[in-house]
Amino acid sequence: MMKMHAGQVVDRFRVGGDDVTLRLPRRADVQDLRFFINALVDEGERILLQGRVSLVEERRWLDRHFKSMREGTELCLCIDIGGRVVGTISIRREYTPPTASDHVATLGFGLLRPYRRRGIMAAAIPRALAFGQQAWGLEIITSSYAADNEASSRLHRRLGFRAHGKVPGGMRYRGRYIDHILVHRQVRRKK
Ligand SMILES: CC(C)(COP(=O)(O)OP(=O)(O)OC[C@H]1O[C@@H](n2cnc3c(N)ncnc32)[C@H](O)[C@@H]1OP(=O)(O)O)[C@@H](O)C(=O)NCCC(=O)NCCS
């Protein structure tokens with residue numbers, strides 16, 4: 001398995017006017033990561049987490065994440081612009097080697113509102129998946145979104161994800177049930 005370390009740079013790229021660094025998290029990111037996740041929670045965005053997190057909880061999450069990274073079950077890539085974490089892309093693997101589904105992982109992502117609609121995620125996700133492919137030999141990526149999340153739906157389509165089903169009422173936001181759309185795509189093997 002590829003060696004990874006806190007803060008490791010995965011890729012750097014320019015999109016629009018932004019210089020973006022895609023990298024692994026480090027302990028010093030805890031405040032940025034907490035701000036990020038709470039901003040999404042406050043917005044009422046269609047994400048899984050539905051409650052704000054404290055600094056202590058975020059520290060715990062980061063500790064768990066470093067452990068998951070070592071165990072090969074989760075990669076959280078930070079989208080760093082100007083030294084600040086403004087978004088994340090997570091790749092989670094339910095089954096680790098040697099299992100029949102250790103080539104499959106699940107994607108999750110989000111970006112602070114001021115950075116949206118600039119093409120950042122469309123550029124960052126393929127790079128994150130290429131890293132996952134290289135690090136863990138991933139071949140299939142699954143993902144999902146709330147049926148009324150237009151941004152996520154368009155982004156998944158643009159990135160070549162195809163729907164394979166839905167869980168009717170599989171997401172519940174503030175007491176309202178929304179269908180959960182399930183999608184997947186292949187990640188190309190390196191020759
Ligand atoms: C979903 C999200 C990550 C998109 O990131 P982004 O960097 O703004 O997306 P991009 O600028 O790369 O746009 C990619 C595509 O999505 C479309 N899109 C982005 N935001 C959109 C919106 N609010 N409404 C409709 N389409 C939108 C773009 O037009 C583009 O589609 P196109 O290629 O067909 O033109 C961002 O809106 C976000 O963080 N939302 C809150 C969290 C969330 O919903 N996460 C996903 C949970 S499954």
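The values are calculated or read from the model by the stated rules, or taken from the named source; none is laboratory data. Source: prediction; values computed, not measured. Because the Cβ atoms are built from the backbone with ideal geometry, glycine has one as well, and the counts that use them run over all protein chains shown.
Inspect the stretch 3-19 for any residue being surrounded by 15 or more Cβ atoms within 10 Å (Cβ to Cβ), over 23 Å from Leu138 (Cα atoms), modelled with pLDDT of 95 or more and not β-branched (Val, Ile, Thr) and give the result as yes or no. Yes, the stretch 3-19 contains at least one residue that is surrounded by 15 or more Cβ atoms within 10 Å (Cβ to Cβ), over 23 Å from Leu138 (Cα atoms), modelled with pLDDT of 95 or more and not β-branched (Val, Ile, Thr).
For the stretch 130-167, what are the residues that are loosely packed, with under 14 Cβ neighbours inside 10 Å and assigned to a helix (DSSP H, G or I)? Gln134, Glu150, Arg154, Arg157, Arg158, listed by residue number.
Here is a yes/no grid of residues against (1) in contact with a helix residue (DSSP H, G or I) (Cβ under 8 Å, 6 or more places away or on another chain); (2) aliphatic (A, V, I, L, M); (3) within 28 Å of Thr96 (Cβ to Cβ):
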| residue | (1), (2), (3) |
| --- | --- |
| Phe13 | yes, no, no |
| Phe35 | no, no, no |
| Glu43 | yes, no, no |
| Leu49 | yes, yes, yes |
| Leu55 | yes, yes, no |
| Asp63 | no, no, yes |
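Residues in the stretch 95-118 that are more than 14 Å from Val187 (Cα to Cα) and surrounded by 13 or more Cβ atoms within 10 Å (Cβ to Cβ): Tyr95, Thr96, Gly108, Phe109, Gly110, Leu111, Leu112, Tyr115, Arg116, Arg118. Only one of the listed residues (Ser68, Ser90) is under 27 Å from Gly175 (Cα atoms), under 16 Å from the mean Cα position of the chain (by Cα) and of a type in the set (Gly, Ala, Ser). That residue is Ser90.
Filter the stretch 15-34 for residues that are more than 14 Å from the chain's Cα centre (by Cα) and more than 14 Å from the ligand (Cβ to nearest atom) and give the result. Once the filter is applied, which keeps residues that are more than 14 Å from the chain's Cα centre (by Cα) and more than 14 Å from the ligand (Cβ to nearest atom), the stretch 15-34 yields Asp19, Thr21, Arg26, Arg27, Ala28, Asp29, Val30, Gln31, Asp32, Arg34.
Within the stretch 170-182, the residues that satisfy the criterion of being without any contact (Cβ under 8 Å) to a residue 40 or more places away in the chain and either of a type in the set (Phe, Trp, Tyr) or not in a strand (DSSP E or B) (or both) are Gly175, Tyr177.
Here's the yes/no breakdown for (1) among the hydrophobic types (A, V, I, L, M, F, W, C); (2) surrounded by fewer than 20 Cβ atoms within 10 Å (Cβ to Cβ):
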site: Asp63; (1), (2): no, yes
site: Met69; (1), (2): yes, yes
site: Cys76; (1), (2): yes, no
site: Ala128; (1), (2): yes, no
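How about the stretch 25-67: which of its residues are of a type in the set (Val, Ile, Thr) and more than 24 Å from Arg116 (Cα to Cα)?
Of all residues in the stretch 25-67, those of a type in the set (Val, Ile, Thr) come to 30, 37, 41, 47, 53, 56.
Selection gives Val56 alone.
Residues that are free of Cβ contacts under 8 Å to residues at least 24 places away in the same chain and within 12 Å of the ligand (Cβ to nearest atom) were ranked within the stretch 140-169; the one that is nearest to Leu129 (Cα to Cα) is Arg157. If you check Met171, Met121 for being at pLDDT below 95 and hydrophobic (A, V, I, L, M, F, W, C), only one passes: Met171.
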